[in-house]
Structure formats: C-alpha cells, structure tokens
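So the structure is just underneath, and the comments pick up after that.
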Amino acid sequence: KAKQIGRNGFALFSSELREKAEQRILLLKDMRFALAQNQFEMHFQPIVSMHTRQITKAEALIRWQHPNKGMISPDQFIPLAEETQLIHQLGEFAFDQAVEVLQKTRSLNSQLQLSINVSPIQFSAKHTTLLAWQNQLTKHQLTPDMLVLEITEGLMMQGEGRSQKRLTKLIQQGFAIALDDFGTGYSSLAYLKQMDTEFIKIDKRFVDGIEINEDDLVLCETMILMAHQLGLKVIAEGIETATQHELLKQAGCDFGQGYFYSKPLPKEAFISYLEHGNA
Ligand code: C2E
Ligand code: MG
Ligand code: MG
Ligand code: MG
C-alpha cells in the first residue's frame, strides 16, 4: 500500500511540475510573440513635489496588453523575463519609450525627470547596452540626469561587484539612482553607504499604515530624517489618501507618488496630462 501511495504521490508531484513548466514555456512563447507584435506599452505615473503638488517626475511602468488575457501585470512576467534574458529587450523598450517621452515633453516641462526600473540582470556580463544609453541620449540632445534608474537592493547581492562597477559607471555618466522599495530588503543601509544614490523610495507597505499605525509613521519619519542627513531626497510610493499626503509632507518627505495624485497613465494620456496642467 505504501508503495502505491508513494507512486501516486510522485505522479502527482511530477504532473504538477510538468504543468508549471508547460505554463512557463507558453508564457515565454507568448512574450516573444508579444514583443514582435508590440503588445508591450509603457505607462507613466506622475511624481509630484510634496509642497507644490507640481509634477516634477514620473515613473515608467511596463504593461502587457494581451489580446485574450487583457492587461498583465509586470509582477507576473518580469521575473520570467529576468530568467530568460528577454529582460534585455524589455529594458531597451522601457528606455526608448522614456527617451521618446522626454523628447516630446521638453517644451512642456523642461525640469521633468523620468525614472525607469532597471533589473539587476541588465547589469550582467556581456550586455553593454546600458553603456550605450548615454550615446542615445546625446543623439536626442538629452542628458543622463533627466533619467533616474530605479534599482532594488538585491542588485548589489549579485555579480560579485561586477554589477556595482557598471552601476558606478552609470552614476559617473550622470544618471541618477533611486533605491526602490526602500526598507524591504535586508541590505538597505549597507547599500546606502556603498552607492552614490540620489533618492530613496519609501515602499507602499510603510505608507499604507501611517494613518492608523503609529509605528509605520515613526518608520517613515525616521527614514526621511536619515535620508536627509545623508543628503538624499525621499519619494514616498503608494500614497492613496489626503491624510497620507499631509502626514508625509509634515514629516518632510520631498516627493509623492500614488493614486491620490494619479494612476499610471498610457503614454499619450500622460503627455496630454502635462499639456493641460498639473494635478
Ligand atoms: P515598483 O517599481 O515599486 O512600482 C510601483 C508599483 O506601485 C507599480 O506597480 C504602481 O502601479 C503601483 N502603485 C503606484 N501607486 C499606487 C497606489 O497608490 N496604490 C497601489 N495599490 N499601487 C500603486 P506595477 O506597475 O504593477 O509594477 C510592479 C513592479 O514591477 C514595479 O514595482 C517594478 O518592480 C516592476 N516593473 C514595472 N515596470 C518595469 C520595467 O519596465 N522593468 C522592470 N525591470 N521592472 C518593472
Ligand atoms: Mg520602481
Ligand atoms: Mg517600489
Ligand atoms: Mg517593486
């Protein structure tokens, strides 16, 4: 009997694994097709100055408009893209779209800074595209300081310093760095010491609780204080209410991003949002 259960157990296990693997292969096939069919688009979420509520930045966020499955969230396909090198193509796409928006909005808002999320894999060996970015910007009469590269703390854990060297090079070229999802990783403080970052982004998880949870407010206040003493600016993510806005403003937070100001907007909608005045 035991043998029977064992065999069934194994059969179940392996069929689950097979199904998972098949799903991944399907998704991967879908993604390659999607790239060829231009199903990916970048949306842009305004980031405002806490004091003036003027849009000074925006974050570029990738979207997959699947013909049958509808809009697919990046959390569902970025990890797979990272495992399969497709991330390089998605990363180039994000960069190109950001450059296009910068070009189109120069006359509307010359101070606008766009941020793009950069995956650690994009810093991996043999891919030198990151280093070609400056040339592309120059070609369009743009400068690296108009772009902020959002990175997560995990980046420095990989690549035995190689990633860090590439990142340092980009900083030297003038790209600004924002430490994304700050406070959720395990190396945030060590990282701040090592890297010449310009911004930290306080994760939504801390912002969510500040109206009802004293601890969350204290954590936000402390992160802001520490960032300022280190000469960094703070962007709070996921602000959804007026009260959250007020509390963070009082705590000295520099910039805010969240549904309270605006959801991420399709490229054309974002451009016309800039044209027709700020929030
Ligand atoms: P992230 O960089 O931390 O981006 C912030 C996420 O919070 C976005 O989710 C944004 O839509 C969402 N958000 C902003 N304000 C609010 C709010 O007020 N309420 C709520 N509930 N959510 C809010 P999204 O667009 O689904 O992106 C998820 C993650 O996927 C991003 O987290 C980023 O890590 C990754 N990602 C997105 N686009 C790209 C990309 O082009 N390249 C790479 N490598 N990663 C990307
Ligand atoms: Mg981000
Ligand atoms: Mg984040
Ligand atoms: Mg994130």
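The values are calculated or read from the model by the stated rules, or taken from the named source; none is laboratory data. None of these values were measured; they are calculated from a predicted model. For neighbour counting, all protein chains shown are included, and Cβ atoms are generated from backbone atoms with ideal geometry for every residue, glycine included. Each accessible area value is taken on the protein alone, full model and side chains, heavy atoms only, with ligands, DNA and RNA left out. Shrake-Rupley method; radii C 1.70, N 1.55, O 1.52, S 1.80 Å.
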Quick one: which helices (runs of 4 or more DSSP H) lie wholly within region 214-279 and hold at least 3 residues that are in contact with a strand residue (DSSP E or B) (Cβ under 8 Å, 6 or more places away or on another chain) and closer than 24 Å to Val99 by Cβ?
267-275
Which count do you get for residues in region 58-82 that are within 13 Å of ligand 1 (Cβ to nearest atom), open to solvent by 10 Å² or more (accessible area, probe 1.4 Å) and more than 15 Å from Leu26 (Cβ to Cβ)?
10
Looking only at region 182-189, decide whether some residue is within 16 Å of ligand 2 (Cβ to nearest atom), open to solvent by 40 Å² or more (accessible area, probe 1.4 Å), in contact (Cβ under 8 Å) with a residue 40 or more places away in the chain and under 24 Å from Met50 (Cβ atoms).
no
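Mind checking which residues of region 190-205 are open to solvent by 30 Å² or more (accessible area, probe 1.4 Å) and outside any loop (DSSP other than H, G, I, E, B)? Even if it seems obvious, please write down each step before you answer.
Pass one, region 190-205, residues open to solvent by 30 Å² or more (accessible area, probe 1.4 Å): 190, 193-194, 196, 198, 204-205.
Those that are open to solvent by 30 Å² or more (accessible area, probe 1.4 Å) and outside any loop (DSSP other than H, G, I, E, B): Ala190, Lys193, Gln194, Lys204, Arg205.
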Selection from region 36-58 of residues touching a Phe, Trp or Tyr at 6+ places or on another chain (Cβ under 8 Å) and over 17 Å from Glu268 (Cβ atoms) yields Ile47, Val48, Ser49, Met50, Arg53, Thr56, Lys57
Please determine, by comparing only the residues of region 176-196 that are more than 14 Å from ligand 4 (Cβ to nearest atom) and modelled with pLDDT of 90 or more, which one is nearest to Pro144 (Cα to Cα).
Ala176
Filtering region 83-103 down to residues that are surrounded by fewer than 15 Cβ atoms within 10 Å (Cβ to Cβ) and part of a helix (DSSP H, G or I), which residue is modelled with the lowest pLDDT?
Glu83
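Could you check region 237-270 and list, in sequence order, the residues that are hydrophobic (A, V, I, L, M, F, W, C) and touching a residue at least 60 places away in the same chain (Cβ under 8 Å)?
Step one: list which residues in region 237-270 are hydrophobic (A, V, I, L, M, F, W, C), which gives 239, 242, 247-248, 251, 253, 255, 260, 265, 269-270.
Matches in region 237-270: Leu248, Cys253, Phe255, Leu265, Phe270.
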Given the conditions (1) open to solvent by 20 Å² or more (accessible area, probe 1.4 Å); (2) in contact with a Gly (Cβ under 6 Å, 6 or more places away or on another chain), and given that Asn117 satisfies all but one, which numbered condition is not satisfied?
(2)
Can you spot a residue in region 163-171 that is at pLDDT 85 or above and crowded, with 18+ Cβ neighbours inside 10 Å?
yes
What residue, among those in region 234-243 that are touching a helix residue (DSSP H, G or I) at 6+ places or on another chain (Cβ under 6 Å) and buried (at least 20 other Cβ atoms within 10 Å of the Cβ), is farthest from Asp181 (Cα to Cα)?
Ile239
Within 16 Å of ligand 1 (Cβ to nearest atom), within 21 Å of Glu198 (Cα to Cα) and of a type outside the set (Asp, Glu), is that true of Ile224?
no
Listed by first then second residue, the pairs whose first member lies in region 138-152 and is over 15 Å from Lys201 (Cβ atoms) and touching a residue at least 12 places away in the same chain (Cβ under 8 Å), whose partner is away from ligand 2 (no atom under 16 Å from the Cβ) and small (Gly, Ala, Ser), with beta carbons under 8 Å and at least 6 positions apart or on separate chains, are Thr143/Gly174; Pro144/Gly174; Asp145/Gly174
Members of region 34-57 found to be of a type in the set (Lys, Arg) and open to solvent by 30 Å² or more (accessible area, probe 1.4 Å), listed by number:
Arg53
Just give me the residues in region 249-279 being buried (at least 17 other Cβ atoms within 10 Å of the Cβ) and within 15 Å of ligand 3 (Cβ to nearest atom), in sequence order.
Cys253, Phe255, Gly256, Gln257, Gly258, Pro264
